[in-house]
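Every read-out reported here was derived from the displayed coordinates using simple, explicitly stated rules and does not represent laboratory data. What you see is a predicted model; the values in this text were computed from it and never measured. When we count neighbours, we look across all protein chains shown, and the Cβ atoms used for this are built from the backbone with ideal geometry, even at glycine.
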């Protein structure tokens, strides 16, 4: 699987009362990485071609290590599965200074036509790209 790398620095708004990154922030890191991933492929979440956008129908996170204020995280993003109308993006996030994996996960995506308020097929051009880079 071809992966695209993005960076994220943990800020004060990411830190919870336990002194480490809140569990909900992993999805924010994934979201940021997904935006970079799509931009590098020539797309955005609101413009996947053919007048459609993408939405998440399922998210999964596995927590491995704590993340602290100002840690710089590197997230590798890639397409791990394509199944009909759905496609899965996988994420591996590590702390840059020590290389420790801090969390991993995935999001299952579908394409959505906001104008007609319905799920739609993955646009052919985008499908060709993710088919070439998926494992």
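Here are the numbers for the structure shown:
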| item | result |
| --- | --- |
| Selected from 118, 62, 86 as most flexible by GNM, with the chain as the system and alpha-carbon contacts under 10 Å | 118 |
| Residues of the range 13-50 with amide N under 12 Å of a point placed 7 Å along Cα→Cβ from residue 66 | 16-22 |
| Inter-label distance, nm, simple model (7 Å from Cα along the C-beta direction), residue 5/residue 45 | 2.4 |
| Choice from 95, 34, 65 showing the highest fluctuation, given a GNM over the chain with Cα pairs closer than 10 Å | 65 |
| Length-normalised contact order of the chain in % [C-alpha pairs under 8 Å, at least 6 apart] | 29 |
| Shape parameters for the chain, alpha-carbon atoms, Rg then Dmax in Å | 15.5, 47 |
